[in-house]
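The structure under discussion appears below in the form of structure tokens.
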Amino acid sequence: MKKMNIKNLKNGPGNLVVITLVGLGVLMLLAQFIENTHFNKKLSYSEFVKKVELDQISSLTVTGNEVQGIVTEKSPTGKEIRTHFATVVPHNAKLWNSLLKDHKVDVTGAYPSADFGIWNILLLAMLGSTIMLVWFFFKQARGANGSNGNNIFSISKSKAKLFNPAQIKVTFDSVAGAKEAKEELYDVVDYLKNPEKYKRLGAKLTRGVLLVGEPGNGKTLLAKAVAGEANCPFFSVSGSDFIEVFVGVGAGRVRDLFAQARKNAPSIIFIDEIDAVGRQRGSGQGGGHDEREQTLNQLLTEMDGFDTGTGIPASVIVIAATNRADVLDKALLRPGRFDRRVEIPFPDLVSREEILRVHAQDVKMDTTINFNHLARCTPGFSGADLANLINEAAINASKHNQDKVYLKDIDEARDKMMLGKEMKTRTFTDEERKITAYHEAGHTLVRLLLHEECDPLHKVTIVPRGRALGVTHFLPERDKHSMSKVEMVGDIMAALGGRAAEELVFNKLATGASSDFARATEIAQQMVRFYGMSKTLGLVAYTPQGPYGYSEETARLIDHEIRSIMQECYDKVLVLLADNKDKLYKLAEMLLEKETLYADEIYELLDIPARASFRLQ
Ligand code: ADP
Ligand code: ZN
């Protein structure tokens, strides 16, 4: 996770630069304004003389040979217009004195002063703000750096956030599921709690644990829970925090971080996104990889150097997180460094239920909510997604002024998360609605009729959300790691059921089925290329990267096989739906009426024996 350093933004010299620039801009505008409006109208000497003769000038000020004053004219409407003027009097102007006397002009003399124009003021302002800027910058640097004389600026200080034991509220109990990960980390906790126990026997313990998994599945949470369990300080930093444009800065930060951690030992350093610093060296990834390599080398040195120096090994454990373990430099994974690797997978059914329960604790929930069913409805959700689901549901409930969260709120939140925002504004023609109803009814009916081959039904809806016109929801009975051929064919047929129903009922083809086809094709090609489930290609895995690759001829055969699987499935679906046309019509018409149908309503309507029904509302 990337965090912005807010404190730096507020006080940093960056802001000062902005303020100064804006200030200068305003000054310049002001200067122009003054020059345009306030400065005098320039008159030629003869114009000036004429105006004196017309008695339009009653007083003036003379500075050297420059004359300034006010001209008072009458506009055609009889209004008096007063204008400041200035003019320069030629040295030998004769008319000067007598003319002014004749027309009773009041003359004032003034000493010529240094020409202190607006541009000079501006220059001074610029100089001043530059000095201020430099001064602030130095003050900042010194202030943040304390008395540490080694560093010129604060950038060599680690950006790690320190959590003291008293601040850490999470323990292993806060982490739902993740059983294996917790078991692995219990050792680490024990070591941090009783380092002597291990040191006594000279046991060499892991110093580094690598948590590998997709974002949002609780890597940060787990690492913090280790600190919570062991009751020790927790330094949290992101790999990208080490990276700066200046060479040597990252290494400096690593050194500083480890020094702090040692001082606070036993302690934990958590490095999120370690791949930002830990990529394979010499891979030349992007510019400035010199800096990154230096940083990485420093990290390796620090991890090796835990035991040296004081003679007493410092109990500092480094936990790093990544979802790209494959790009890490091998040196990082050597014994004594990150030699323990813990996978943090997406939560399975049981874990999802637990995670939902953990997060539901903070929210007022309807007591009849069945968390097992909720978990079934959320395959592929990460821990963070599940936390978000509960939160969104609570927001929905608050919006509706309810005093607790009901299942419908969760359902609404889930649909929104899965399919994008519910679109209330977009309207559909009756024709479109009808086609969608038959399309979804087709998907649903195929699944119901194929019974054994497909996941049980959850609900069907033709309420449009996001880009999907309608949706048929099914609940996998278990998290699938493998599928049988029957199941795969069942999935293809169900995906094609939408289009087949359209063809049967309306006898024309619409474009709404493209994602269905994409899904069906994907499954078919997996059958052919990876699982040896085709008729002619035999038991070979055809991957372009595989040991054999494949020829163009084979590619043609693969295409052919995929097409024939698809066609065969489609033909079967057409027959299946034609044989059950009455059910198709019943279902579609009911959908048009109610928009959303739940599994048990459908079983009842079609008189199909219910199979594990999961009514959500
Ligand atoms: P990662 O570091 O893997 O990206 P986080 O630890 O930051 O994931 O998880 C984000 C949030 O998701 C956590 O703060 C927590 O609310 C929720 N979460 C993730 N996994 C779990 C879990 N196993 N149990 C409870 N909450 C979880
Ligand atoms: Zn469809």
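Would you pick out the residues in region 313-353 that are closer than 13 Å to Ile271 by Cα and within 22 Å of the chain's Cα centre (by Cα)? The answer is Ala320, Ala321, Thr322, Asn323.
Quick one: which residue in Glu440, Glu522, Glu502 is modelled with pLDDT of 85 or more, within 16 Å of ligand 2 (Cβ to nearest atom) and either touching a Ser or Thr at 6+ places or on another chain (Cβ under 8 Å) or part of a loop (DSSP other than H, G, I, E, B) (or both)?
Among Glu440, Glu522, Glu502, only Glu440 is modelled with pLDDT of 85 or more, within 16 Å of ligand 2 (Cβ to nearest atom) and either touching a Ser or Thr at 6+ places or on another chain (Cβ under 8 Å) or part of a loop (DSSP other than H, G, I, E, B) (or both).
In the set (1) touching a Pro at 6+ places or on another chain (Cβ under 8 Å); (2) assigned to a helix (DSSP H, G or I), the condition left unmet by Phe381 is number (2). Filtered by the rule that a residue be basic (Lys, Arg) and modelled with pLDDT under 90, region 207-219 gives a lone residue, Arg207. Note on region 343-360: among residues that are within 24 Å of Arg324 (Cβ to Cβ) and more than 7 Å from ligand 1 (Cβ to nearest atom), the one that is modelled with the highest pLDDT is Glu343. The sole residue among Phe137, Phe116, Phe85 that is among the aromatic types (Phe, Trp, Tyr) and at pLDDT 80 or above is Phe85. Kindly indicate whether any position in region 304-321 is out of contact with any strand residue (DSSP E or B) (no Cβ under 9 Å at 6 or more places or on another chain), modelled with pLDDT of 85 or more and not in a loop (DSSP other than H, G, I, E, B). The answer is no; no qualifying residue exists. One residue stands out in region 187-219 among those that are within 32 Å of the chain's Cα centre (by Cα) and surrounded by fewer than 18 Cβ atoms within 10 Å (Cβ to Cβ): the one that is farthest from ligand 2 (Cβ to nearest atom), namely Pro215. Every condition in (1) within 16 Å of ligand 1 (Cβ to nearest atom); (2) part of a helix (DSSP H, G or I); (3) modelled with pLDDT under 85 holds for Leu185 except the one numbered (3).
Could you tell me whether any residue of region 553-566 is over 30 Å from Arg499 (Cβ atoms) and modelled with pLDDT of 70 or more?
To start, the set of residues in region 553-566 that are over 30 Å from Arg499 (Cβ atoms) comprises 553.
Then keep just the ones that are modelled with pLDDT of 70 or more; that gives 553.
Yes, some residue in region 553-566 is over 30 Å from Arg499 (Cβ atoms) and modelled with pLDDT of 70 or more.
The residue that is surrounded by the fewest Cβ atoms within 10 Å (Cβ to Cβ), counting only those in region 220-264 that are modelled with pLDDT under 90, among the aromatic types (Phe, Trp, Tyr) and under 29 Å from Lys182 (Cβ atoms), is Phe258.
Residue count for region 361-398, restricted to those that are of a type in the set (D, E, K, R), loosely packed, with under 14 Cβ neighbours inside 10 Å and at pLDDT 90 or above: 1. Please tell me if Ala166 is at pLDDT 85 or above, more than 13 Å from ligand 1 (Cβ to nearest atom) and surrounded by fewer than 13 Cβ atoms within 10 Å (Cβ to Cβ). Here the answer is yes, as Ala166 does meet what is asked.
Checked against the criterion of being within 13 Å of ligand 1 (Cβ to nearest atom), modelled with pLDDT of 90 or more and not basic (Lys, Arg), region 189-199 contains not a single residue that satisfies it.
The values are calculated or read from the model by the stated rules, or taken from the named source; none is laboratory data. Since the model is a prediction, treat every value here as computed from it, not as a measurement. In this analysis, Cβ positions are derived from the backbone assuming ideal geometry, glycine residues included, and neighbour counts consider all displayed protein chains.
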